Amino acid sequence: MTTKERVLTGITTSGTPHLGNYVGAIKPAIIASRDPSLDSFFFLADYHALIKCQDPAQVRQSTKEIAATWLALGLDAENCTFYRQSDVPEITELSWILTCMTAKGLMNRSHAYKAAVQVNEETGEDADNAITMGLFSYPILMAADILMFNGQRIPVGKDQIQHVEMARVIAQRFNHHYGELFTLPEAQVDEDVAVLSGLDGRKMSKSYNNTIPLFLTEKKLQKQINKIKTNLLEPGEPKDPNGSTVFQIWQAFASEQQTEMMRQQFAQGIGWGQAKKELFALINDEVGPARARYDELMADGDYIESVLQKGGIKARAYASELLIKARVSVGIGAIQS
């Protein structure tokens, strides 16, 4: 049995990878995939995508784009388990077992569900209007993603901490009722770049249509960065880095020395145009070298699929053993004499 610490994270396949995905999940995953002291599991959360996206072509395209992104940026698929969620059917079976152990009241407290209810109430709709059971029970599927592989450390943004805590509660309840089976996961949050801001200052999210796609051409990347919302302060007027989306994104990509340099430039009144020009150069220096490899991978879907199939086999080897234990624990299986 491995003594390595197990790290697990996934990205929902409902859109094109953006800078927020890169900073929050992809870059840490790539670093972890190269760390021989870690047992890393990284997956494409295509079942989660169905909660918000009912466009089959978009789900397929996003799956391809996200896989290509991870690989282009240097994910070591040999030193980690890199798989597509839907290639591991044990996850959805475990999700049902966990559903039967999960209190509805726990799901009622989910931030995503409560936010959807609030929008409905504010617009005069029925509280549950257009809310699917997928959205309501999403934290249980996420718990199954984590507990299926007994993930110990789960890198997430601050907005996902609650779901890891819910997975922990569900695991505790199962373990108390049926005996110790699941490791209790812990959320890991990088406080500096937990949630990257988007073009409008809100969280960078496909839902807000405020993202900066990761592998735009240089010209399009500069154009998108130029759209970042700023205040009306002129060049020469000191600017507060706190609350500035330009500075926050800069900080996510910069070294400590570069961050301090930009902080000083803000105090000296750097113009927004110049700040955005320097931000483009910083980001392009980091992701630009992988752009050509990404384009090559996007033109070779068979290779991407072969990597995912190999990862799925590797993931199932572990998942099948744990699911047998879960089935036996709850009383499902062959009749014995």
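Taking the centroid of alpha carbons for each part, segment 49-81 and segment 1-32 are 11 Å apart.
Rounded to the nearest whole Å², what accessible area per residue is found for segment 1-40 with the 1.4 Å probe? Please list the in-between numbers first.
On the way: 1590 Å² over 40 residues.
Value returned for segment 1-40: 40 Å² of accessible area per residue.
For the pair residue 109 and residue 223 in one chain, pulling the backbone fully straight at 0.36 nm per residue adds 37.0 nm over the alpha carbon distance. The value given for segment 104-258 is a Kirkwood hydrodynamic radius of 18.7 Å, derived from the mean inverse Cα-Cα separation.
If each of residue 161 and residue 96 carries a label point 7 Å out from its Cα toward its Cβ, how far apart are those two points in nm? Distance between the two pseudo-spin positions: 3.5 nm.
With viscosity 0.890 mPa s and temperature 25 °C, the Kirkwood radius over alpha carbon pairs of segment 1-160 converts through Stokes-Einstein to a diffusion coefficient of 146 µm²/s.
What net charge do the residues around residue 120 carry, taking every other residue with its C-beta under 13 Å from that of residue 120, with Lys and Arg at +1 and Asp and Glu at -1? Kindly include the intermediate steps, with their values, before the conclusion.
Working: positive: 114; negative: 121, 122, 125, 126, 128.
Charge balance in the 13 Å sphere: -4.
Multiplying the residue separation of residue 302 and residue 123 by 0.36 nm and removing their Cα-Cα distance gives an extension gain of 59.8 nm. Given in Å, the Rg to one decimal and the Dmax to the nearest whole number for the Cα atoms of segment 215-295 are 13.1, 42.
Can you tell me the equivalent ellipsoid semi-axes for segment 188-337? Use √(5λ) from the Cα gyration tensor, largest first, whole Å. Could you put the intermediate results ahead of the total?
Working: eigenvalues 405, 88, 36 Å².
Values for segment 188-337, descending: 45, 21, 13 Å.
Rounded to the nearest 500 deg cm²/dmol, what is the calculated helix-only ellipticity per residue at 222 nm for the chain, with -39500 (n - 2.57) per DSSP H run of length n ≥ 4?
On the way: 14 runs with 176 residues, N = 337.
My calculation for the chain gives -16500 deg cm²/dmol from helical runs alone.
Which whole-number percent of Cα pairs in the chain have a distance greater than 25 Å? Present the calculation step by step, with values, prior to reporting the outcome.
Numbers: 31540 of 56616 pairs.
More than 25 Å apart: 56 percent of the Cα pairs in the chain.
Amide H contacts for residue 84 (H built 1.01 Å from N in the peptide plane; partners 5 or more residues away or on another chain; cut-off under 5 Å): 44, 312. For a quick check, take a GNM of the chain with Cα springs below 10 Å and name the residue from 134, 243, 151 with the largest mean-square fluctuation. The residue with the greatest mean-square fluctuation here is 243. Reducing segment 89-138 and segment 224-300 to their Cα centroids gives an inter-centroid distance of 37 Å.
Calculate, for segment 215-295, the solvent-accessible area per residue in square angstrom, rolling a 1.4 angstrom probe over the heavy atoms of the protein chains.
Values: 4540 Å² over 81 residues.
Ligands and nucleic acids excluded, the result is 56 Å² per residue.
Remark: C-alpha extents of segment 241-288 on the principal axes read 29, 22, 17 Å, sorted largest to smallest.
The values are calculated or read from the model by the stated rules, or taken from the named source; none is laboratory data. Quick caveat: nothing in here was measured; it's all calculated off a predicted structure. Note that each Cβ is placed from the backbone with ideal geometry, even for glycine, and that neighbours are counted across all protein chains shown. Quick note on the areas: whole protein, heavy atoms, side chains included, nothing else; ligands and nucleic acids left out. Shrake-Rupley method; radii C 1.70, N 1.55, O 1.52, S 1.80 Å.
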